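Engineer: One structure follows; several queries about it will come next.
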Amino acid sequence: MPTRRRFLQDSIKSSIGLSGSLLFHTNLMASEMPADITELSASNLSMAIQQKEVSCAEVMQAYLSRIHRYNPVYNAIVSLIEDDELLNQARRADAELARGEYRGWMHGMPHAIKDVRGAAGLPFTSGSPLYAERIAETDHPLAAAIRGAGAIFIGKTNVPEFGLGSQSYNPVFGATGSAWNPALTAGGSSGGAASGLGTHMLPSADGSDTMGSLRNPGAFNGVIGFRPSIGVTAEQPPGERSISTTGPMGRNTADAIRLLKTLAVKPVPESYSSMNLSEVRIGWMGNLDNYLAMESGVTELCEVCLNSLSSAAAKVDAVQPQFNLSDLWLAWTTIRHSGRTGYYDNYNDPESRALMKPELQWEIEQSFVLTDSDRGLANRIRNDWYQELDRLFDEYDFLALPSAQVFPYPKAIHWPEEIAGRQMDTYHRWMEVVILASMGGIPVINLPVGSDELGRPMGMQIMGRFGEDKRVLEFALAYEQVTDYVQRRPQLE
């Protein structure tokens, strides 16, 4: 179909032209563009389906072919539904379109739900042998929103056991590999989602984030991970800010925005435009004045990107919070471990406890010794942190930090016990860089910053004031115009 081929080529060129640098854009324009459906961004794929330039059945077949080729290597998608059933669902979506029935921007698009959320009729293991045979009876609200937008659920995305830890391995499905090197971890807990995006086995992906679970995987797979302000994607009591939230991932910021609109439980802006960087002030926190151990090369990659922003007239200054960061860590662990009460029944049963990974057992045991006084202190520290963030955002539009303290590491390693010669005293201490945003409940996005000489990808967190999600996303759109990192793709194995 010559017309369809031109549409695919024009759509891919358009997507690249909107976010790539001029040099990168020119080079791509001079080359022959592939007519592969899976190369379309989620937004352009949606348009192609709505305009009937491609059929839902063709889209599903293209993605299934790619999944069968690459998923055995990367292990991003689990509990995959049979091809015949998925193709039948795609044909029904085509029939709906033929009748003038359009269910939403994800009509007929394949989607895999993160396996810590239930989707009716699909396995719901949470990566735990305790629930290896569980089938969800109802949709989690996130799944219901995505289904309501017209998506076809093809399976689930892999996670660490119960979503704990930024390494997506579990005894049910094994470990997920980074899109840039399947021997390395994809991060977590949204590791399967990020790897599926980075390998183009998925057009878009949902995730969730307590301790960097949208940001670490985004960095380790070269994709966008956006953690919205608390209350945007899940109802919260007035004045309260949870440390956990769901959020969108995308191959680019525009796709993440489209999915955010689907996930949001309250109205979000309809239109977004690229920010004028000449009016932007960025506070760069680096390694927090050596408070954080960082693998060599991590901060340097981020600083190269910040220099690009400076060249575009953004003002970038080094800044440090006026806060005892050890207190923040104490408050963080107290609040996090206090949330483990839901696992007590399984812990108290010796047979089920034996099926729980040691790190989860440890967190549960930490919760046993916490007192009301401990929790009260943690909440006072958290409130003080809100005030410090407000002070910083009075001076800066955005705050920047690396998205991880290490590059992707071998997926056979459960977690880094040492960084730059410094021992990590807990299984999650190596992710401490992400708690500044989590404890504030503020909007934060992972933006790719390229890779080191070994080809290991990294990302940078851009944090905004609480409630200013639109400004963070509009900054990300501008970032894509002055850098080409979002457009860089791995060579798949």
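Engineer: Using only the alpha-carbon atoms of segment 95-215, report the extent along each of the three principal axes, biggest first, to the nearest angstrom.
Structural biologist: Cα spread of segment 95-215 along its principal axes, largest to smallest: 46, 32, 22 Å.
Engineer: Would you grab the residues whose amide H sits under 5 Å from the one on residue 128? Only those 5+ places off in sequence or on another chain, please, with H modelled 1.01 Å from N.
Structural biologist: Under 5 Å from the amide H of residue 128 lie the amide H atoms of 162, each far enough along the sequence or on another chain.
Engineer: Something else about it: Sorted by mean Cβ packing within 10 Å, highest first, what order do the peptides 40-53, 237-250 take?
Structural biologist: Details: 40-53: 20.5, 237-250: 18.3.
Per-residue Cβ counts within 10 Å, averaged per peptide and sorted highest first, yield 40-53, 237-250.
Engineer: If you put +1 on each Lys and Arg Cβ and -1 on each Asp and Glu Cβ, how big is the dipole of segment 238-308 around its Cα centre, in Debye rounded to 20?
Structural biologist: Working: 6 positive and 8 negative charges, 88 e Å.
For segment 238-308, the charge dipole is close to 420 debye.
Engineer: Search the structure for amide H atoms under 5 Å from the amide H of residue 185, placed 1.01 Å from N in the peptide plane, and list their residues when 5 or more places away or on another chain.
Structural biologist: HN-HN under 5 Å from residue 185: 178, 409, 411.
Engineer: List the lysines whose Cα sits under 25 Å from the Cα of residue 357, skipping any in the same chain fewer than 8 residues away.
Structural biologist: 114, 156, 411
Engineer: Per residue and in Å³, how big is the convex hull formed by the alpha-carbon atoms of the chain?
Structural biologist: On the way: hull volume 69.0 nm³, N = 493.
Taking only Cα atoms, the chain has a hull volume of 140 Å³ per residue.
Engineer: Using a cut-off of 27 Å between alpha-carbon atoms, which lysines can reach residue 52, once sequence neighbours fewer than 8 places away in the same chain are excluded?
Structural biologist: 13, 261
Engineer: Another question, then. Roughly how many nanometres apart are two label points built 7 Å out from the Cα toward the Cβ at residue 88 and residue 317?
Structural biologist: Rounded to a tenth, the inter-label distance reads 6.4 nm.
Engineer: Let me ask you something else. Residue by residue through segment 208-215, what is 3J(HN,Hα) from phi via Karplus (6.51 cos²θ - 1.76 cosθ + 1.60, θ = phi - 60°)? Round to whole Hz and write x for glycine and proline.
Structural biologist: My calculation for segment 208-215 gives 8, 8, 10, 10, x, 6, 9, 8 Hz in order.
Engineer: Tally Lys and Arg at +1 and Asp and Glu at -1 over the other residues with C-beta under 11 Å from the C-beta of residue 472: what net charge comes out?
Structural biologist: Numbers: positive: 227, 465, 470, 471; negative: 397, 468, 469, 474.
Taking every other residue near residue 472 into account, the sum is 0.
Engineer: By counting other Cβ atoms within 10 Å of each Cβ, how are 111, 140 ranked from fewest to most?
Structural biologist: Numbers: 111 26, 140 19.
Taking fewest neighbouring Cβ atoms as first place, the list is 140, 111.
Engineer: With unit charges on the beta carbon (Lys/Arg positive, Asp/Glu negative), name the residue among 124, 265, 302 whose Cα is farthest towards the positive pole of the charge dipole of the chain.
Structural biologist: 265
Engineer: What number, rounded to the nearest 500 deg cm²/dmol, is the helix-based mean residue ellipticity at 222 nm of the chain, given -39500 (n - 2.57) per DSSP H run of at least four residues and division by all its residues?
Structural biologist: Details: 17 runs with 197 residues, N = 493.
Taken over the chain, the calculation gives -12500 deg cm²/dmol.
Engineer: Positive end of the charge dipole of segment 109-180 (Lys, Arg +1 and Asp, Glu -1 on Cβ, about the Cα centre): tell me which of 150, 168, 140 has its Cα farthest that way.
Structural biologist: Of the listed residues, the answer is 150.
Engineer: Answer rounded, prolate or oblate for segment 76-118, using the Cα gyration tensor with square roots of eigenvalues a ≥ b ≥ c: rounded when a/c is under 1.5, else prolate when a/b is larger than b/c, else oblate.
Structural biologist: Numbers: a/c = 3.55, a/b = 1.71, b/c = 2.08.
Oblate is the answer for segment 76-118, as a/c is 1.5 or above yet b/c matches or exceeds a/b.
Engineer: Okay, moving on. Ranked from highest to lowest mean number of other Cβ atoms within 10 Å per residue, what is the order of the peptides 176-183, 348-355?
Structural biologist: Numbers: 176-183: 26.0, 348-355: 11.4.
Sorting 176-183, 348-355 by mean packing, highest first, produces 176-183, 348-355.
Engineer: Then there's this: Take every Cα-Cα pair in segment 301-385 and report what % of them are more than 23 Å apart. Could you put the intermediate results ahead of the total?
Structural biologist: Numbers: 1801 of 3570 pairs.
Counting pairs separated by more than 23 Å, the tail of P(r) holds 50 percent.
Engineer: Restricting to the chain, what percent of DSSP beta bridges are antiparallel, rounded to 5? Mind dumping the intermediate values first?
Structural biologist: On the way: 28 of 40 bridges.
Around 70 percent antiparallel, to the nearest 5.
Engineer: I need the peptides 464-470, 452-458, 78-84, 154-160 ranked by packing, meaning the mean over residues of other C-beta atoms within 10 angstrom, with the highest value on top.
Structural biologist: Working: 464-470: 19.9, 452-458: 17.7, 78-84: 15.4, 154-160: 30.3.
Highest to lowest by the protection proxy: 154-160, 464-470, 452-458, 78-84.
Rule-based calculations on the coordinates, nothing more; no lab input. Note that the structure is predicted; figures quoted are calculated from it, not measured. All Cβ positions, glycine included, derive from the backbone under ideal geometry; neighbour counts span all protein chains shown.
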